[in-house]
Amino acid sequence: MNLSLINTQKLFIALVSLFLSTVSLAQSSDQQQRDTLSSRGNTKELKRAALSLVPSSYMIQYAGSIGLLSAGAGWDYGKQKQWSTDFLMGYVPKYDTDRAKLTMTIRQSYTPWTVQLHEQLSYHPLRTGIYLNTTLGKQFWYKEPDKYPSSYYKFSTRLRINIFVGQDFSYKFKSSTSYFEGLKFYYDLHTSDLYLISGIQNKYLKFDDYIGLALGIKFQIRRK
Amino acid sequence: MKKFWIYIVLASISLLIHSCNMFDIHPYAGKIEGRQDINRDNIIKIERDYADKDTIKYAFISDSQRWHDDLDDFVKIVNKRSDIDFIIHGGDISDFGLTKEFLWQRDILEKLKQPYVALLGNHDCLANGEEIFEQVFGSPNYSFIAGKTKFLCLNTNALESDYSTPVPDFSFIEHERQTDKGRFEQTVVVMHARPTSDQFNNNVAAVFQYSIRQYPNLLYCSNGHDHTYQQEDIFNDGIIYYGTPNIGKRQYLIFTITKDHYTHELVSY
């Protein structure tokens, strides 16, 4: 096997540290904002800090190589809330295999531009990012078990690295007191390391063979 | 400016509608659409159509994982020939065990005009790949008779298994020797990984050789897995193991079998 995929473990660590650095960056800008608002009381600050641990959205998603249906929670941050980090659990039915599967996903997305179409409706022409997905079950391994000669299979069946490009529409409710302040409908075109390498190497494979489509709804939680 | 965005929205919606068949549930979802149980159906064809043939000529390909273009070209080339009775794929249909890989390769092989059968390769066992293989192609151990020759097709990927599944399956080998005794006079054994390879259970290599030599008139063995052309008398007993290169080398073997005799040819394209 002459496959020269990137060492997935190293990449995973790199991505996690990259993710952590964006979070801390976002936090430090939050900190600056808070400093300028220091006239407000300490209680408010504390309340704010506690709130940032609570998710700012819940979501459900259809498809996306992470399950038939997935559900999760996300945190939006940054000045324009252009960054978000989502955690999802996905369910893969049995289909023609022996058992159904559960998956876990961490997704980092970046939504740079907002277009206000209407008082309540806004459009984000680009959302993009990366998500890591692991499939639970002993059939799937991060690294091949010890029985194999070292580097026998140079990839992981458990960890998929996906990239995506998509768009979304956000709808804000009229009410200013409801628990949810709005809905966000998004779609992503995505591919994973293994699909991409197959697609790039073979003219036979068409765009829709190795690029997938995911649909999702985010329920945005009101921040006070 | 607003109009511009409306156009973008419309374009996006039409792209969405166009891509309705693009939902991918999971790389190992195991959602199989299209033809299944291919080996069983094609074996019926082979046994029916070639029952009275004195000369059998077939192509042996292997290890087509992630070489979709080269497999597709092979199909086009072999479809132009009129002298090939059937095609045996020596395993490694998928590279990563992905459900889609099995279906991509199946859809290429389905364009073959002649019947084909596929063996289980070690890469086909990855994740839940073996479950997909069994649905799409069939059991990892099987046999068929073409003319007067029995083809014993064996799973030899012992490294992928544990002791709960015997690989190679000696009781299957013994059972098949007794089955359809009157219908065949000679035997060919086909496998993905040959004895001495990293996948084979080499502790039983000599026993394996002994048990297949009990078959009537064993002519030769052939295998894939090593991605290179091989012609070796591994056990120094006159039984040659022929290894076929991976399809990415754009090479395949052709075997011609007559009574008590066979020839082989390495073809490049």
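We did not get these values from a lab; they are worked out from the coordinates using the rules stated. All of these numbers come straight from a predicted model, not from anything done at the bench. Counting neighbours? That spans all protein chains shown, and the Cβs are built from the backbone with ideal geometry, glycine included.
Note on residue A:206: lysines with a C-alpha under 24 Å away, same-chain residues under 8 apart excluded, are B:31, B:76, B:100, B:111, B:113, B:249. Beta bridges assigned by DSSP with both partners in the protein assembly as shown are antiparallel in approximately 80 percent of cases.
The relative contact order of the range B:2-268, computed from alpha carbon pairs under 8 Å that lie at least 6 residues apart in sequence, is 20 percent. Placing dummy labels 7 Å off each Cα toward the beta-carbon, the span from residue A:175 to residue B:180 is 7.1 nm.
Cα centroids of the range B:33-95 and the range B:152-194: how far apart, whole angstrom? Result: 20 Å between the Cα centres.
Is there a quick way to get the dipole size of the protein assembly as shown? I mean about its Cα centre, with the Cβ of Lys and Arg at +1 and of Asp and Glu at -1; what is the value in debye to the nearest 20? Once rounded to the nearest 20, the dipole reads 2760 debye. Between the listed residues B:266, A:82, B:223, the Cα displaced farthest toward the positive end of the dipole of the protein assembly as shown, a dipole computed from Cβ unit charges relative to the Cα centre, is found at A:82. Averaged over the residues of peptide B:94-100, the number of Cβ atoms from other protein chains lying within 10 Å of each residue's Cβ is 6. Please state the shape class of the protein assembly as shown: rounded when a/c is under 1.5, otherwise prolate if a/b exceeds b/c and oblate if not, all from the C-alpha gyration tensor. Since a/c reaches 1.5 and a/b is larger than b/c, the shape of the protein assembly as shown is classed as prolate.
Label sites at residue B:35 and residue A:200, each approximated as a point 7 angstrom past Cα along Cα to Cβ, lie 3.3 nm apart.
Residues B:7, A:148, ranked from the fewest to the most other C-beta atoms within 10 Å, line up as B:7, A:148.
May I ask what percent, to the nearest 5, of DSSP beta bridges between residues of chain B are antiparallel?
Once the DSSP bridges in chain B are tallied, antiparallel ones form about 50 percent.
For A:48, B:81, the sequence from fewest to most other C-beta atoms within 10 Å is B:81, A:48. Ordering B:157, B:132, B:184 by the projection of their Cα atoms onto the charge dipole of the range B:89-193, which places +1 on the Cβ of Lys and Arg and -1 on the Cβ of Asp and Glu, puts B:184 at the extreme positive end. Relative to the current alpha-carbon distance between residue B:21 and residue B:232, full extension at 0.36 nm per residue lengthens the span by 71.2 nm. By the helix-only formula, in which each DSSP H run with n ≥ 4 contributes -39500 (n - 2.57) and the sum is divided by residues, chain B has a 222 nm mean residue ellipticity of -9000 deg cm²/dmol. Legend: mean number of C-beta atoms from other chains within 10 angstrom of residue C-beta atoms, peptide A:162-171, equals 1. Among complete DSSP H helices in chain B, those whose alpha-carbon atoms stretch at least 20 Å along the helix's long axis and whose mean Kyte-Doolittle hydropathy reaches 0.0 are B:2-18.
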